[in-house]
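Notes to accompany the following structure.
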Amino acid sequence: FLLLISLWVVACSLVPSSHGLSRIALKKRSVDHSRIALASQARLGGEHVTGSNDWKIKLASDGDIVYLKNYLDAQYYGEISIGTPPQKFTVIFDTGSSNLWVPSSKCYFSIACYLHKRYNAKKSKTYTKNGKSCSIHYGSGAISGYFSQDNVEVGDITVTNQVFAEVTREGSLSFVIGKFDGILGLGFQEISVGDAVPVWYNMVDQGLVEEKIFSFWLNRDAEGEVGGELVFGGLDTNHFKGDHSYVPVTQKGYWQFELDDFLIGDLSTGFCEGGCSAIVDSGTSLLTGPTTVVTQINEAIGAEGVVSTECKEIVTGYGDMIWDLLVEGVQPSKVCSQIGLCLSKSTKSSSSHIEMVVESENAEESSAKETPFCTACQMAVVWIKNQLNNEGVKEKVLDYANKLCERIPSPAGESTIDCNSLSKMPNVSFTIGGKVFSLAPEQYVLKSGEGPVEICISGFMALDVAPPRGPLWILGDVFMGAYHTVFDYGNLRLGFAESA
């Protein structure tokens, strides 16, 4: 599943009232890294796992509250109802997808369906038959079924005649072990399978919200009782400091915007010189970015990686040539093809994980397949070019590139860190709309346990998306925990402010 900011001022800088506004309160849970690998895959694979305890807390508020649960500081989910009388389901509120789906009572051959609540159309007085078949593909599995229509209740807001998918087949173990029943997408209709109108669109069209915005506050305090809040139709001024900075949505589908730069410490990585796109995604627990940059992050924070033989061979055998071509002014995108290691103008490799970001029917493939040597060469060019910009000495630059070859993220994604080194790690920053949004080590490192059982996991994972969609960053809950986020549907923009 997959998702911003501006020079404009929010017209709805308000203290929300109960009319046309729904609050979703989240409960914080302690991080359990014994299953961090599982949780990190949860993103689009559906493994939004939860623990056994159900947390419910009512915040002092005039707004309507839907109780949500939080697992691993990662996935935030809550309860909705479908039909008359209401049938309750637990769903992920995901800004990176746009469909609503729940298991169907007619799901007979998938184990996952028997482990979750199932919608029974015969028990609802407001059910309307649709019957159109649908199939949705995620990174680690797929679901299929057919569309139906019924009333959907989120808090005290009731959306009438909502089209949603009744799932009759859940083809992955991911859905078996997931504690959630379904997913409620908050993305744009452009990525809605079957062109089904999203729940949020109907909230707006049916006049059920005061303002055409919704906002997230995620509490990353491991000791905090309240995990966070999702507000439909407004924002809560108690949960951010100062004013929001806004940037426009650049492409409808996901909540996508332009990223100006990414810095490690005070130094630019140089990766976004040609432009980078980013998505803000409540359905992603970590931060994902191009392998080239995540490798640089691993080196800076001392995260474990894997040694790339191809990378070392490129730096050793072609490092001098790459340096010379860059010094001569050859465009970075043409260096590897001029050396003969790449056969096309493509600048990023296609990834087997691209479906985590782009549904298969929307994905655009690169013009040519790339070899591991081509990919390694492209990474080396970025690293060396960046050091050239910082006036690095040739021998030291090539030595640095060699070290980076040992920090390439593993295919599994997670990288462990020495918990005692947090005080020595640099801040990392995203430049968005000309403003710098920084994350301290305590914010981008997931930590749990104490003493000999203490574990620290990097909040960064590598994910390569080929042009023209990529390079692409996904700013998940690690970022959203630090910055209160406004999704302004009416003005097609996103806003960030420091969380409070």
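The values are calculated or read from the model by the stated rules, or taken from the named source; none is laboratory data. The structure presented is a predicted model; accordingly, all values stated were derived computationally and were not measured. Backbone-built Cβ (ideal geometry, glycine too); neighbour counts: all protein chains shown. Surface areas here come from the heavy atoms of the whole protein model, side chains and all, with no ligands, DNA or RNA. Shrake-Rupley method; radii C 1.70, N 1.55, O 1.52, S 1.80 Å.
Scanning region 170-196 for residues that are assigned to a loop (DSSP other than H, G, I, E, B) and buried (at least 19 other Cβ atoms within 10 Å of the Cβ) gives SER172, GLY178, PHE180, ASP181, LEU186, GLY187, PHE188, SER192, ALA196. Looking across region 459-500, not a single residue is within 25 Å of GLU273 (Cα to Cα) and of a type in the set (S, T, N, Q).
Could you identify the single residue in TYR254, TYR201, TYR246 that is out of contact with any Leu (no Cβ under 9 Å at 6 or more places or on another chain) and among the hydroxyl-bearing types (Ser, Thr, Tyr)?
Numbers: TYR254 fails: out of contact with any Leu (no Cβ under 9 Å at 6 or more places or on another chain); TYR246 fails: out of contact with any Leu (no Cβ under 9 Å at 6 or more places or on another chain).
Result: TYR201 is the single residue among TYR254, TYR201, TYR246 that is out of contact with any Leu (no Cβ under 9 Å at 6 or more places or on another chain) and among the hydroxyl-bearing types (Ser, Thr, Tyr).
For region 125-163, a tally of residues being within 22 Å of TYR108 (Cβ to Cβ), in a strand (DSSP E or B) and in contact with a helix residue (DSSP H, G or I) (Cβ under 8 Å, 6 or more places away or on another chain) returns 12. Scanning region 427-456 for residues that are closer than 28 Å to CYS377 by Cα and either in contact with a Pro (Cβ under 8 Å, 6 or more places away or on another chain) or acidic (Asp, Glu) (or both) returns a single hit, ASN427. Of everything in region 257-278 that is in a strand (DSSP E or B) and of a type in the set (Asp, Glu), the residue that is nearest to the chain's Cα centre (by Cα) is GLU258. Summed over region 255-271, the residues that are open to solvent by less than 10 Å² (accessible area, probe 1.4 Å) and out of contact with any Cys (no Cβ under 7 Å at 6 or more places or on another chain) give a count of 3.
Checked across region 210-223, the condition of being more than 21 Å from the chain's Cα centre (by Cα) and open to solvent by less than 20 Å² (accessible area, probe 1.4 Å) holds for no residue. Once region 411-439 is narrowed to residues that are within 19 Å of the chain's Cα centre (by Cα) and assigned to a loop (DSSP other than H, G, I, E, B), the residue that is surrounded by the fewest Cβ atoms within 10 Å (Cβ to Cβ) is PRO411.
Name the single residue, out of those in region 302-314 being of a type in the set (A, V, I, L, M) and open to solvent by less than 10 Å² (accessible area, probe 1.4 Å), that is farthest from VAL393 (Cα to Cα). Looking at residues that are of a type in the set (A, V, I, L, M) and open to solvent by less than 10 Å² (accessible area, probe 1.4 Å), I get ALA303.
What do you reckon, is THR292 in contact with a strand residue (DSSP E or B) (Cβ under 8 Å, 6 or more places away or on another chain) and either open to solvent by less than 20 Å² (accessible area, probe 1.4 Å) or part of a helix (DSSP H, G or I) (or both)?
Numbers: in contact with a strand residue (DSSP E or B) (Cβ under 8 Å, 6 or more places away or on another chain): no; either open to solvent by less than 20 Å² (accessible area, probe 1.4 Å) or part of a helix (DSSP H, G or I) (or both): yes.
Here the answer is no, as THR292 does not meet what is asked.
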